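Reading through the structure tokens given below for one structure.
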Amino acid sequence: MVVNRGVLGAQFGAGALGGALELLPRRAREMATGGVLLSTGSFGTFRAALDGAAPAGAGSAVIGVQLDGTAGDFDYARQATPGLPDAPYYDYTRQNADAKRASVLARLAQSLTPATELDFLTQASIGDRGLPGPSSAITLHSRELDQSILAGLRLRTANDDGAWALKAWTRFDRVELQGVQPFGDCIDGTPDCPRIDQRASDVRAEAEGRVAMGEAQWVSATVSAGQERVHGTNIGAYQRNLVSLAGRGDLTLPGGFALHPAVRLDKVESDAGASPALTASWRATQVLELRTGWGLSFRPPTLNELYLQSGGIAPNPDLRPERAWSLDAGATLRLGDTTINGGLFWSQYRDLIVYELFPPAKVKPFNVGSARIAGAELQALVKLPFRLFAQASYSWLNAVNLRPGDQQDNQLPYRPPHRLFARVARRDDRFDTWAEASFTSAMPRNFFGSAYVPAQLVLNAGAGIRVAGPLWIHLEVRNLLDDQTLEDLFQYPLPGRSIALIARARL
């Protein structure tokens, strides 16, 4: 996994203002390797996972299989009248929150020449889960069945002077809702409770090239095109074409300076937008590195956001594309065994897409005419004696609605002003232990600031021991304080103290 910070919309696609995570596939070694994981825990939760990698012909093959499930029948507490001060809490048991899922991933890579590789990747999953609804509007009969499959092919060549790649991939998703109505739930199979069958698919093709321009500069370009489709029993059929062009330069300058200009052009049916960006960094010394960036962003709503209902999320066909400009600046300080990262960011949005509770039991995306999101981040990683590692991070966020009217200057919902996280861990070749704490400040639940999500403090801890050869046994405890009043952003109860026993081995 590669963490990319800064304004990256021009490189990775519309909307990537704050950064992006790249997941790089694991390659097989010269001999077969593999791993297994078995887990069981509170509330009937279980997981079984198996993966392996081995040489295959002139390349390698990787496969992974995973099964997950939970009964989801945990106890929780909520206020019957949360709007009244000092309202008492009442005890409940979560129902219709069970879930089962099976997933498989496979990758086959073959070397055609020493510099050229052809690889195929596919991933599929199938799931069945209850839709219990928020604590304020419980739905005991709603369920969701889903299937998805993704397949992609890539031809890539690389040498010292450059690289190019041709990619093609397709994805298909199916969601069947049972016992679901616009308001509340119903009994599946009855005449007034039809099943809702929804399907989404897309196909894409992309060409990418990267060329060295001397010893200190790289230039890359990408062109991609595709089509998305959705249809369902209650929405009809929709499709749209997508085309994008992107270019980027990587220039290394004397004195430790580096520049990364980029631009991306996206056209989605009749909507079009540009996402230029410019980032710069300066490696002042081995101790200090500075970075800054500026960029514009264009993000059209997805077809799912426009037309498909999934779980407790309702679509909104009136959504408009989101546009923004952003500035960020940061620094990295390395002092021996201590690394400190800090950053500031400022973004101005037009038609920002936000999700809001849509009574009685749904969540729905809406456009905010104008909004500003600014903040700061600070992270420290320290290597301590006795093989201890300590990590701490803090983020401050100021998200303001700038749309003229009675909501102007109010805080945007579901964006906590303060987050604090701390973790201490120790690991050697026989023992593994860790403890962490996360705090999230209270945040508004609506655009008017008349309802709030309370502040939350969660403590977690775990320990492991290598019992024989590659076999490790771990014990993890989540929500040590057993706070049964916790809810997520949209009033879905969260479990109290939960315990998991995990066995894993890797060869």
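What number, in percent, do you get for the relative contact order of the range 54-165 if the mean sequence gap of Cα pairs under 8 Å and at least 6 apart is divided by its residue count?
Computed value for the range 54-165: 23 percent relative contact order.
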- Query: Looking at the range 110-185, which chymotrypsin sites (Phe, Trp or Tyr not before Pro) are DSSP coil and have at most 16 other C-beta atoms within 10 Å of their C-beta?
  - Reply: Phe183
- Task: Could you size up the charge dipole of the chain around its Cα centre, putting +1 on the beta carbon of Lys and Arg and -1 on that of Asp and Glu, and report it in debye to the nearest 20?
- Result: 920 debye
- Item | For the range 288-335 and the range 156-210, distance of Cα centres in Å | 20 Å
- Item | Overall form of the range 331-393 per C-alpha gyration tensor (a/c, 1.5; a/b vs b/c) | oblate
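Measuring with a 1.4 Å probe in the full set of protein chains, what accessible area per residue, in whole Å², belongs to the range 338-449?
Details: 5660 Å² over 112 residues.
Dividing the accessible area of the range 338-449 by its residue count gives 50 Å².
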- Message: Rounded, prolate or oblate for the range 32-179? Axes are the square roots of the Cα gyration tensor eigenvalues, ordered a ≥ b ≥ c, and the cut-off for rounded is a/c under 1.5.
- Response: prolate
- Query: Loop-only check: which trypsin sites (Lys or Arg not before Pro) in the range 398-507 are DSSP coil with at most 13 other Cβ within 10 angstrom?
  - Reply: Arg430
- Item | Average Cα contact separation per residue, the range 436-507, under 8 Å, 6 or more apart, as relative contact order % | 25 percent
- Query: Within the range 397-413, whose backbone N sits under 13 Å from a point 7 Å along Cα→Cβ of Tyr452?
  - Reply: 411
- Message: Taking the alpha-carbon distance from Lys364 and a cut-off under 17 Å, which aspartates and glutamates remain once sequence neighbours fewer than 8 residues away in the same chain are dropped?
- Response: Glu305, Asp318, Glu322, Asp351, Glu356, Asp488
- Query: Can you pull the Kirkwood radius for the range 79-119, inverse mean 1/r over Cα pairs, to one decimal in Å?
  - Reply: 16.5 Å
- Message: Placing +1 on the Cβ of each Lys and Arg and -1 on the Cβ of each Asp and Glu in the chain, which of Leu37, Ala54, Gly295 has its Cα farthest towards the positive end of the resulting dipole?
- Response: Ala54
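Using the heavy atoms of the protein chains and a 1.4 angstrom probe, tell me the accessible area per residue for the range 147-212 in square angstrom.
Here the residues of the range 147-212 average 56 Å² of exposed surface.
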- Message: Need one word for the chain: rounded, prolate or oblate. Basis is the Cα gyration tensor (sqrt eigenvalues a ≥ b ≥ c); a/c below 1.5 gives rounded, then a/b vs b/c decides.
- Response: rounded
- If the chain between Ala216 and Asp75 were fully stretched, how many nm would it gain, using 0.36 nm times the residue separation less the Cα-Cα distance? 44.8 nm
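To the nearest 0.05, what FRET efficiency results for Leu475 and Ala272 with a Förster distance of 56 Å applied to their C-beta separation?
Values: r = 54 Å, r/R0 = 0.96.
Computed FRET efficiency for Leu475 and Ala272: 0.55.
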- Query: With charges set only on the Cβ (+1 for Lys and Arg, -1 for Asp and Glu), what does the dipole of the range 366-465 come to about its Cα centre, in debye to the nearest 20?
  - Reply: 160 debye
- Message: Let me check against my output: what whole-number percent is the relative contact order of the chain, with C-alpha pairs under 8 Å and at least 6 apart?
- Response: 10 percent
- Which GluC sites (Glu not before Pro) does the range 427-492 hold that lie in a coil by DSSP with at most 10 other beta carbons within 10 Å? none
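The values are calculated or read from the model by the stated rules, or taken from the named source; none is laboratory data. On a predicted model such as this, the values are computed, not experimentally measured, just so you know. Every residue, glycine as well, gets a Cβ built from its backbone with ideal geometry; the counts of neighbours run over all protein chains shown. Side chains are part of the model used for accessible areas, which takes the heavy atoms of the whole protein and leaves out ligands, DNA and RNA. Shrake-Rupley method; radii C 1.70, N 1.55, O 1.52, S 1.80 Å.
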